[in-house]
Amino acid sequence: MVVLADIQSSNARIATSLPEGMVAVFVGATSGIGEATLKQFAKHATRPRVYFVGRKQDAGNRIVAECEALNPEGEYIFVPADVSLLSNVDEVCRNIKTKESTLNLLVLTPGIAAIHSETPEGLRKITSLLYFARIRFILNLLPLLQQATSLRRVITVGAAGSEGPIDTTDFEGRKVSAPFFRGHITSLTTMALEILAEKAPTVSFINTHPGAVQTGITREVDNLRMWLVWLALLLFGRWVCIPVIESGERHLFVATSAKYPARDGDDGVPLSESVVVARGVDGKLRGGVYSVTSDGESSDNAIEVLKGLREMGIGEIVWTYTESQFKRITGVEAI
């Protein structure tokens, strides 16, 4: 486990270890873990420029003001958008690509607790937010990440470590049970990150699990299971949940520490003597793709499950289906 003191020490060295003027994009950052991580980045980076995407303008205005108070030398740009729609994802990415030639950090946290909602584009909304929209952001912005001269990281916050079987007859998980869906969507994400790492070996890709954190995601519940989760968090959250500020600190560490390097070179805050380089999902040090649990360490379960899925050739099947959905909805595989 990476202890909090080591995490805070590493984060405090960002200003002296990483260049000034880093550019970051945070998606789903107007509440919860995304907001907390954004604020930690604003606090510790030198003259950062941050684009953050969310649905609510009032929340965006509030966060801009709070980040400016934390670090007046940074620039914070709110981009209002419903990213459950891939057409909106493309619009946001086009906007960013007209303004930036490089990108250091992409942090993806959008989600929803509702399981019955559908998007006008014909996707299950929860699957769109947890998988399709996130992968679309990565694919669209990958050229900017590859052009960065220092830190190049992608963080997607979900249920890393819970990787499980993939139902290739039901990619959106419409018919599977909730426990199966959790493993299914996590494996989809981690396998897609592996495909992307092949395209961009100089970029580090990290799927994380934050542990129990009270984030407000249950505000849009439409099913009994999530109502029970909401009730449990309401009653027992103060004893079992990681404080959201600490979660932000932990995710900033994942986003900036040399513990999680790209397969082919990657800068990061140098490690202290008590912290070691993580194993990738291929089981190797410096694997370039990581499934990181709430303690900051690589998941043994992910390494084992992904090995089996690779042997069955599931990765290519996943990617072929993903690209087919992108082309069906937007007309192109990437912008």
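Quick look at the values:
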| quantity | calculated |
| --- | --- |
| Loop sites in the stretch 1-95: trypsin sites (Lys or Arg not before Pro), DSSP, at most 10 other Cβ within 10 Å | none |
| Dipole magnitude of the stretch 11-91, debye to nearest 20 (Cβ charges: Lys/Arg +1, Asp/Glu -1, about Cα centre) | 260 debye |
| Accessible surface, per residue, of the chain when the full set of protein chains is kept, probe 1.4 Å, Å² | 41 Å² |
| Inter-label distance for V3 and Q57, nm, one decimal - labels placed 7 Å from Cα along Cα-to-Cβ | 4.9 nm |
| Amide H contacts of V53 (H built 1.01 Å from N, under 5 Å, at least 5 apart or other chain) | F26, V27, G28, A29, V79 |
| Whole-Hz ³J(HN,Hα) from phi, Karplus 6.51 cos²θ - 1.76 cosθ + 1.60, for the stretch 204-209, glycine and proline x | 8, 10, 10, 9, 10, 10 |
| Residues with amide H under 5 Å from that of R279, placed H, sequence gap 5 or more | S298 |
| Sites L271 and E20, calculated FRET efficiency, Cβ-Cβ separation with R0 30 Å, nearest 0.05 | 0.85 |
| Largest-first ellipsoid semi-axes for the stretch 86-138, taking √(5λ) over the Cα gyration tensor eigenvalues, angstrom | 24, 13, 7 |
| Spin-label pair K99/Y321, simplified geometry with 7 Å Cα→Cβ offset, distance in nm | 3.6 nm |
| The stretch 124-195 - charge dipole about Cα centre, Lys and Arg +1 at Cβ, Asp and Glu -1, debye rounded to 20 | 280 debye |
| Cβ-placed point charges (K, R +1; D, E -1), dipole of the chain about Cα centre in debye, nearest 20 | 280 debye |
| With 20 Å bins from 0: P(r) over the chain, alpha-carbon pairs, percent | 33, 62, 4 |
| The stretch 17-76 pair-distance distribution - Cα-Cα, 5 Å bins, rounded % | 5, 21, 34, 25, 11, 3, 1 |
| Mean Cα-pair separation over length for the stretch 8-110, i.e. relative contact order, pairs under 8 Å, 6 or more apart, % | 33 percent |
| Cα centroid separation, the stretch 105-135 to the stretch 256-286 (Å) | 29 Å |
| Computed FRET value (nearest 0.05) for Q147 with H116, which takes r as the C-beta separation and R₀ as 45 Å | 0.65 |
| Length gained when the stretch F180-E304 is fully extended (0.36 nm per residue, less Cα-Cα span) | 42.9 nm |
| Karplus-derived HN-Hα couplings along the stretch 133-145 (A = 6.51, B = -1.76, C = 1.60, θ = phi - 60°), whole Hz, x at Gly and Pro | 5, 5, 5, 5, 4, 4, 4, 5, 9, 4, x, 5, 4 |
| Euclidean distance between Cα centres, the stretch 157-193 to the stretch 1-38, Å | 27 Å |
| Amide H partners (placed H, <5 Å) of G158, local residues excluded | T208, H209 |
| Ratio of Rg to Rh over the stretch 37-133 (Cα coordinates, Kirkwood Rh, two decimals) | 1.00 |
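The values are calculated or read from the model by the stated rules, or taken from the named source; none is laboratory data. Worth saying up front: this structure is predicted, and the values here are computed from it rather than measured. Counting neighbours? That spans all protein chains shown, and the Cβs are built from the backbone with ideal geometry, glycine included. Keep in mind that these areas ignore ligands, DNA and RNA; they rest on the heavy atoms of the full protein, side chains included. Shrake-Rupley method; radii C 1.70, N 1.55, O 1.52, S 1.80 Å.
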